[in-house]
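Here's the structure we're looking at; comments come further down.
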Amino acid sequence: PVDLILENGVDCSHTGFAHRGLFRNEPQMFVNAEISETPCGVRIETSGEKKSKVFDVRRFLLGSDPVLHSDEFIAPHTVKVDYLIGEKIHIVTVLVATPESPEVTRVYTRMGVKYPWIGGFVTLGIHLLTRVVVAQDKAVLHSQARTIAAFGGRRFRSVMADGPANWLQRTYRRFEAHTQAQAALRRKTIRYKL
């Protein structure tokens with residue numbers, strides 16, 4: 001289902017488990033996520049992420065530079081993932097999901113990479129890594145869809161790290177119901193281990 005694909009795009013907390021050893025590893029550092037409703041969706045700004053203590057792509061890319069990371073759901077079916085590392089490295093991924101039926105969604109992605117000096121090699125490496133990460137996400141999403149179908153519906157339990165996904169779901173349901181956002185856009189900061 002399209003909403004689960006969109007949720008996957010903004011959910012940092014799943015990466016240490018679904019992409020262990022590639023994109024992240026098991027949770028090892030506390031981060032803050034500032035979640036904000038926007039006129040057209042939800043924006044999550046995550047701060048506090050540092051270079052990994054174990055080997056994964058963060059150890060290679062991050063170094064000691066500060067990381068500005070934002071995920072944004074833009075209704076109806078777009079997610080933008082944006083990493084600005086220091087002043088010279090910028091990686092942006094845009095995911096556009098097109099529902100074909102309630103259970104089938106086609107997904108298009110585009111990525112832009114700005115990396116000094118060896119940018120071409122880094123871009124190729126990120127492209128190859130992204131193909132593996134997307135294959136892992138597809139496997140998780142297919143498994144999740146099968147489980148939902150087998151048990152006749154969704155019965156999710158949330159923890160603090162699920163805050164961004166929960167806000168996306170609420171905003172998406174409002175979009176589906178054709179209702180407007182509240183006059184005052186809400187915001188909340190959560191802290192969890194990433």
Exercise. Determine whether TYR172 is of a type in the set (Phe, Trp, Tyr) and more than 22 Å from HIS77 (Cβ to Cβ).
Key: no
Exercise. Name every residue in region 151-162 that is open to solvent by 80 Å² or more (accessible area, probe 1.4 Å) and either among the small types (Gly, Ala, Ser) or farther than 25 Å from LEU194 by Cβ (or both), in order of residue number.
Key: PHE151, ARG155
Quiz item: Taking region 136-147 as the region of interest, how many residues are within 16 Å of GLU7 (Cα to Cα), free of Cβ contacts under 8 Å to residues at least 40 places away in the same chain and either loosely packed, with under 11 Cβ neighbours inside 10 Å or more than 15 Å from the chain's Cα centre (by Cα) (or both)?
Solution: 3
Practice problem: Would you mention how many residues in region 6-42 are among the aliphatic types (A, V, I, L, M) and closer than 17 Å to ASP82 by Cα? | Solution: 6
Quiz item: So is ARG157 closer than 19 Å to PHE17 by Cβ and outside any helix (DSSP H, G or I) or not?
Solution: yes
Exercise. Could you grab me the full set of residues in region 81-129 that are touching a residue at least 24 places away in the same chain (Cβ under 8 Å), closer than 20 Å to ILE44 by Cβ and not hydrophobic (A, V, I, L, M, F, W, C)?
Key: HIS90, THR93, THR109
Practice problem: Give me a count of the residues in region 1-29 that are open to solvent by less than 40 Å² (accessible area, probe 1.4 Å) and outside any helix (DSSP H, G or I). | Solution: 7
Quiz prompt | Matching entry among THR109, THR189, THR171 (being at pLDDT 95 or above and either in a loop (DSSP other than H, G, I, E, B) or among the polar types (S, T, N, Q) (or both)) | solution = THR189
Quiz item: With (1) hydroxyl-bearing (Ser, Thr, Tyr); (2) surrounded by fewer than 19 Cβ atoms within 10 Å (Cβ to Cβ); (3) at pLDDT 90 or above as the list, and SER64 as the residue in question, which single condition is left unmet?
Solution: (3)
Quiz item: Is region 179-194 home to any residue that is in contact with a Cys (Cβ under 8 Å, 6 or more places away or on another chain) and not β-branched (Val, Ile, Thr)?
Solution: yes
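The values are calculated or read from the model by the stated rules, or taken from the named source; none is laboratory data. No experiment lies behind these values; they were computed from the predicted model shown. Cβ sites come from the backbone with ideal geometry, for glycine too, and all protein chains shown count toward neighbours. What goes into the accessible areas is simple: the full protein's heavy atoms, side chains included, and nothing from ligands, DNA or RNA. Shrake-Rupley method; radii C 1.70, N 1.55, O 1.52, S 1.80 Å.
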